[in-house]
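Take a look at the structure set out below.
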Amino acid sequence: MKRKASIFLVLLMVMALVVTGCGSAKPAGEAQDPVNEQPKVKVGFVYIGPVTDGGWTEAHENGRKYLVEKLGVETVIRENVPESSECEKVINDMVDQGCNVIFATSFGFMEYVEKAAQNYPDVKFLHCSGFKMADNMGVYFGRMYEPRYLSGVVAGLKTKTNKIGYVAAFEIPEVLRGINAFTMGVRSVNPKATVSVKWTHTWIDAPRAKEAAKALLNEGCDVLAQHQDAPGPQVAAEEKGVWSVGYNMDMTAIAPKAHLTSPVWNWGPYYVAQVQAVMDGTWKAENYWGGMNEGIINLSPLTENAPEGAQEAVDKAKTAILSGENKIWTGPIKDNTGVERVPAGVTLTDEQLTSMDFNWLVEGVIGKVE
Amino acid sequence: MNTTAIVFFLEAAIVSGTPLLFATLGEIITERAGNLNLGVEGMMLMGAVSGFYIGLISQNPGLALLAAMVAGAAGALIYAVLTVSLRANQVVTGLALTIFGGGFSGFMGQRLVGEVAPESIKLAFKPFVVPVLGQIPFVGKIFFQQDFFVYLSYLTAILVGLYLYKTRIGLNLRAVGENPAAADAASISVSLYKYAHILLGGALCGLGGAYLSLVYVPAWQENVTAGRGWIAVALVIFATWNPYKALIGAYLFGGLDIIGFRIQGIGFPVSQYMIDMLPYLVTILVLVVVSLKKSQENSPPKGLGIAYFREER
């Protein structure tokens, strides 16, 4: 009896596979309809975290949704991809599934994307936040330091203790630019304030980010900023009854009593432009670094927790940045050990800002780069 | 570091060690029954998502805790059926449970995106001062000005210890883990003991997960455990299957996990990458020490990891 039952079960499972296999084969056949004149585009997205992280990956996912809505292209996503050779497997898998445009959205994917770009010359790769390029591998990012600077202005006006905390993930140029711009924003309105940095060495571990935040609060910080994908520091600030600056997305819902504002991403329009270019056959690998003027980044609206006069100060600073009057990285800039990093009258170039030599913290930051 | 900073650090170490403690106690009970369940991470995630979900809907902290325990136990039930009744390989089954739990919490958590724990639950799990004990200098601030969950974890550790070493059922349980055939001969129901304690272990893991999602972060965050379940598995070895030593181990590991943040500010001349490695280095060190001085007390239950066939005894 038992054996009969198990044979029956196996048969049932085989049948189920066959049936579902047939089911999925049909639409694929229809999709290859020759009526479509434009080359068929299937877009893959490689994510470092879950699309529900309430931050970095979710912002990219919103961009992908915008892309699907605008162009109706087929997309494939893979979440929680580690920055290891696993990434290579995921990319190979996506190419096997027919993806011909692949967006990889974390810095640590760089070398695997580079390798894949060599292996698959017909596939277009776009790597977020890196610096390596090829004929079929473009790089894209936003000048997040611009809204970071603005959020620093708000934090600098808000702090009473003149101690601001900053929970940061890794000592890479992207994060360091953010800390430095934020600190310069703070000190543009409050020269006495300092910014203490704690490194968590993780993007997505929310409890760990919260622990770093608690350590900062114990040291007397009354405004917390973060460069983490998860909102742990916002919660810590809310619980302690102090203030916070978010990142990636508007984080008001997570910490309604603490949140001041967040520098936010808006990837959608960029994704549409790139995929449209591929469809039109005009795509070329480029190093795209969009600023606030192009809408890929912005500062979320100030909440009612923001201090008086903050809106005016932000507007003024924003106008100066948009007009090019304030380039942020214009000397004299000293680092926090007293060494002059940018001489008076000199402005750092994009190359200098993105190179790994950008490994210093500006005057006013308490912390060091390992 | 001055005294206040040290007290702040130790207070935070207790909080950071609490989810580890629940999971470690759960795994100790499971392994005492002779079953190695590597699905701790999975059961914690199941508890985390279920506790959060029910807490969000019902706004009732009691129900949320219950849901977390039931979810953890449900994960353990899958494992128990496979390893006790069907005698599947325990390591493989445990790993499968970890993957399943991760998928389950991700799937359930899709609707919880951006949700924050309701006020009623935040209020219920707010830290409060224990009368008298909380007034003791230093010790009071560190141990007795915490939230309900932390007190529950102290109590659980002590109860598990009493249960294992001072009760008849605890003695039977240890017999099942050491030598199921002998226990069977003494008319102890091996399967019943294994099922009951695997489920209980799963429920405690679920509580550990719920602490992370409901109290620690209190907003929904996918994969909130971030590997803490594996630390708990290592902690069982560290504690040499002893719930009292698990207390020390959990707070030590909780402290090691966060000490990096506390010494970054004071210019301590050791790389943080080095400090981040500490919990793992300590585990290896303990493994070496434990295996060097082999004693009856420090060795794992003899029947650990082996399926019990009555016909083969």
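Pull up the cross-link candidates among the aspartates and glutamates for A:Lys192, meaning alpha carbon to alpha carbon under 18 Å and not fewer than 8 places away within one chain. Within the straight-line limit of under 18 Å, A:Lys192 reaches these aspartates and glutamates: A:Glu219, A:Asp222, A:Asp335, A:Glu363. Report summary: the helix-based calculation at 222 nm, which adds -39500 (n - 2.57) for every DSSP H run with n ≥ 4 and divides by the residues of chain B, gives -22500 deg cm²/dmol. For the stretch B:241-270, backbone nitrogen atoms closer than 15 Å to the point 7 Å from B:Met277 Cα along Cα-to-C-beta are found at B:270.
State which stretch of chain B is the longest one without any exposed chymotrypsin sites (Phe, Trp or Tyr not before Pro), exposure meaning a DSSP loop state and at most 14 other Cβ atoms within 10 Å.
That would be B:139-308.
Normalised by the number of residues in chain B, the mean separation of alpha-carbon contacts (under 8 Å, six or more apart) gives a relative contact order of 36 percent.
Compute the whole-percent fraction of alpha carbon pairs in the stretch B:110-192 spaced more than 14 Å apart. Counting pairs separated by more than 14 Å, the tail of P(r) holds 75 percent. Put simply, the amide H of A:Arg341, placed in the peptide plane, has neighbours under 5 Å in A:Ile333, A:Lys334, A:Asp335, leaving out anything fewer than 5 places away on its chain. Looking at the stretch B:196-305, the trypsin sites (Lys or Arg not before Pro) that sit in a DSSP loop and have at most 16 other Cβ atoms within 10 Å of their own Cβ are B:Lys293, B:Lys294, B:Lys302.
Relative to the longest principal axis of the Cα atoms of chain A, the long axis of helix A:145-158 lies at roughly 50 degrees. Taking amide H as placed 1.01 Å from N in the peptide plane, the amide H of B:Ile136 sits under 5 Å from none that are at least 5 places away or on another chain. Each Lys and Arg Cβ is given +1 and each Asp and Glu Cβ -1; about its Cα centre, the protein assembly as shown then shows a dipole of about 2240 debye.
Counting only DSSP beta bridges with both residues in chain A, what percent are antiparallel, rounded to the nearest 5?
15 percent
Here is how the number arises for chain A: DSSP H runs of 4 or more residues each give -39500 (n - 2.57), the sum is divided by the residue count, and the result at 222 nm is -13000 deg cm²/dmol.
In the protein assembly as shown, taking the dipole from charged Cβ atoms about the Cα centre, the farthest positive-side position among B:Tyr211, A:Gln226, A:Tyr47 is held by B:Tyr211. The 3J(HN,Hα) values that the Karplus relation (6.51, -1.76, 1.60; θ = phi - 60°) gives for the stretch B:169-175 are, in residue order, 4, x, 5, 4, 4, 4, 4 Hz. Gly and Pro appear as x. Taken about its Cα centre, the stretch B:18-139 carries a charge dipole of roughly 100 debye when the Cβ of each Lys and Arg holds +1 and the Cβ of each Asp and Glu holds -1. Computed from the alpha carbon atoms alone, the convex hull of the stretch B:14-312 holds 148 Å³ per residue.
Cα centroid separation, the stretch A:132-190 to the stretch B:27-46: 43 Å. Dipole size of the stretch B:14-312 about its Cα centre, with +1 on Lys/Arg Cβ and -1 on Asp/Glu Cβ: approximately 500 debye, rounded to the nearest 20. Note on the stretch B:1-19 and the stretch B:205-266: Cα centroid distance 13 Å, given to the nearest whole angstrom. Can you give me the relative contact order of chain A as a percent, contacts being Cα pairs under 8 Å and 6 or more apart? Taking the mean separation of contacting Cα pairs over the length of chain A, I get 17 percent.
Report the GluC sites (Glu not before Pro) located in the stretch B:89-184 that are in a DSSP loop and have at most 12 other Cβ atoms inside 10 Å of their Cβ, or state none.
Details: sites: B:Glu115, B:Glu119, B:Glu178; in loops: B:Glu115.
For GluC sites (Glu not before Pro) across the stretch B:89-184 that sit outside H, G, I, E and B with at most 12 neighbouring Cβ atoms in 10 Å, the list is empty.
The residues packed around B:Thr4, meaning those with a beta-carbon under 11 Å from its beta-carbon, carry a net charge of -1 if Lys and Arg are +1 and Asp and Glu are -1. Restricting the stretch A:150-221 to trypsin sites (Lys or Arg not before Pro) that sit in a DSSP loop and have at most 11 other Cβ atoms within 10 Å of their own Cβ leaves A:Lys160, A:Lys192. When only alpha carbons are used to place a centre, the stretch B:118-136 and the stretch A:82-99 end up 48 Å from one another. Two decimals is fine: what is log10 I(q)/I(0) at q = 0.07, 0.12 Å⁻¹ for the protein assembly as shown, from a Debye sum with one equal scatterer on every Cα and no solvent? Normalising to I(0) and taking log10 leaves -0.53, -1.33.
Taken together, the values in this text are just the output of simple stated rules run on the coordinates, not laboratory data. In this text the structure is predicted, and so the values were computed from the model without any measurement. Ideal geometry is used to build each Cβ from the backbone, glycine not excepted, and the neighbour counts take in all protein chains shown.
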